[in-house]
1. Of the residues in the stretch 165-187, how many are open to solvent by 30 Å² or more (accessible area, probe 1.4 Å) and among the hydrophobic types (A, V, I, L, M, F, W, C)?
2. Of the residues R149, R125, R53, which is open to solvent by less than 90 Å² (accessible area, probe 1.4 Å) and either outside any helix (DSSP H, G or I) or of a type in the set (G, A, S) (or both)?
3. So which residues in the stretch 1-50 are part of a helix (DSSP H, G or I) and of a type in the set (S, T, N, Q)?
4. I'd like the full set of residues that are in a loop (DSSP other than H, G, I, E, B) and either of a type in the set (D, E, K, R) or open to solvent by 40 Å² or more (accessible area, probe 1.4 Å) (or both), limited to the stretch 91-103.
5. Go through (1) open to solvent by 10 Å² or more (accessible area, probe 1.4 Å); (2) over 15 Å from the mean Cα position of the chain (by Cα) for P119 and report which single condition fails.
6. How many of the residues making up the stretch 250-292 are at pLDDT 90 or above, under 19 Å from L140 (Cα atoms) and outside any helix (DSSP H, G or I)?
7. If you check V24 against the conditions, is it open to solvent by less than 70 Å² (accessible area, probe 1.4 Å) and more than 21 Å from G106 (Cα to Cα)?
8. So D162 ticks every box in (1) assigned to a loop (DSSP other than H, G, I, E, B); (2) open to solvent by 60 Å² or more (accessible area, probe 1.4 Å); (3) not β-branched (V, I, T) but one. Which box is left unticked?
Amino acid sequence: MSHLGRPDEESDQKQKYTLKPVAVRLGELLKKTVAMLPDCIGPEVAAHVVKMRDGDVALLENLRFHEAEQIKDKKAATDPKLKDAKESFAKQIADLGDIYVNDAFGTCHRDNASMLTVPQLMKGRPRVVGYLVQKELRFLGEALRDPKRPFVCVLGGAKVSDKLGVIRVLLGKCDTLLIGGAMAYTFFAADGIAVGKSLVEHDLFETAGSLRKDAGKRLVLPEDSLCAAEIKRGIAVKVFAGAETPPFDAGTIAVAKAMAEATKAGAVTIVGGGDSAAAVDRAGVADQMTHISTGGGASLEFLEGKPFKPLEVLDDP
């Protein structure tokens with residue numbers, strides 16, 4: 001079972017998010033027929049699963065076709081109807097299986113029905129992580145517990161507020177933190193540097209200044225920026241001392257290639273987040289990274305040390 005996209009935001013184009021192509025591709029990889037079920041719950045699904053024999057494979061339809069999949073526990077706790085809807089949905093899924101395997105690291109920080117309520121209802125039956133989650137926990141865990149020195153972190157993104165927690169954690173563990181992307185401009189602006197119409201969080205000036213003061217030379221900002229009237233291909237640009245969409249991605253590509261060279265020299269290179277993974281792929285060096293994390297928000301929350309309830313509910317190894 002899995003989900004695809006955000007079908008709740010495009011309810012009129014629901015079938016755009018069907019998992020049918022996934023079933024076809026899975027069948028090609030397994031070299032056997034994969035039954036694509038019409039839904040993830042309901043009598044037709046249950047009847048098919050009951051008839052399955054050892055070695056048969058079936059794929060449930062997109063979990064997010066049901067609103068109950070994404071009902072948060074906090075909301076369910078205050079609304080009995082939501083709680084009942086979430087548990088009813090989860091129970092129908094839980095009743096299909098004898099073993100629960102969580103191999104979806106990208107949603108391990110969410111209390112979705114399939115991630116948390118299903119394994120809760122399957123207590124007494126084996127509940128484990130898959131090889132992908134195991135790999136994520138090993139690489140990200142080791143990076144925090146016992147990093148290879150020097151430990152250099154490269155952090156991008158649009159807003160400082162989105163990354164504030166992980167910035168503080170990383171500054172307590174790494175030797176150098178390189179900050180790029182749009183959030184660098186909040187640090188620049190806090191120092192009184194003109195940044196034009198770049199995205200700036202004015203309410204975080206004091207925080208940005210405090211972080212730079214505490215980190216000293218360990219927090220490094222870009223030396224220059226590629227500026228234009230708007231971010232798009234073919235626009236006239238100028239380089240200003242103090243800055244992804246080409247040609248604005250030159251710095252990102254250079255960092256990706258530098259990481260690839262570091263891997264060759266024996267470094268452990270870990271890439272996390274969808275945009276970062278896309279960047280190393282665009283630079284042609286994805287296969288030269290030690291590990292590319294499949295989790296965006298999950299990776300950040302893990303690095304912050306936040307608890308993952310969907311993992312805590314699983315059986316101890």
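The values are calculated or read from the model by the stated rules, or taken from the named source; none is laboratory data. Not measured: the values here are computed from a predicted model. For neighbour counting, all protein chains shown are included, and Cβ atoms are generated from backbone atoms with ideal geometry for every residue, glycine included. With ligands, DNA and RNA removed, areas are computed over all heavy atoms of the protein, side chains included. Shrake-Rupley method; radii C 1.70, N 1.55, O 1.52, S 1.80 Å.
1. 3
2. One residue alone meets the criteria, R125.
3. Residues satisfying the conditions are S11, Q13, Q15.
4. D95, L96, D98, I99, D103
5. With (1) open to solvent by 10 Å² or more (accessible area, probe 1.4 Å); (2) over 15 Å from the mean Cα position of the chain (by Cα) applied to P119, the lone miss is (1).
6. Final tally of qualifying residues: 10.
7. When the stated conditions are applied, V24 does not pass them.
8. Only one criterion in (1) assigned to a loop (DSSP other than H, G, I, E, B); (2) open to solvent by 60 Å² or more (accessible area, probe 1.4 Å); (3) not β-branched (V, I, T) is unmet by D162, namely (1).
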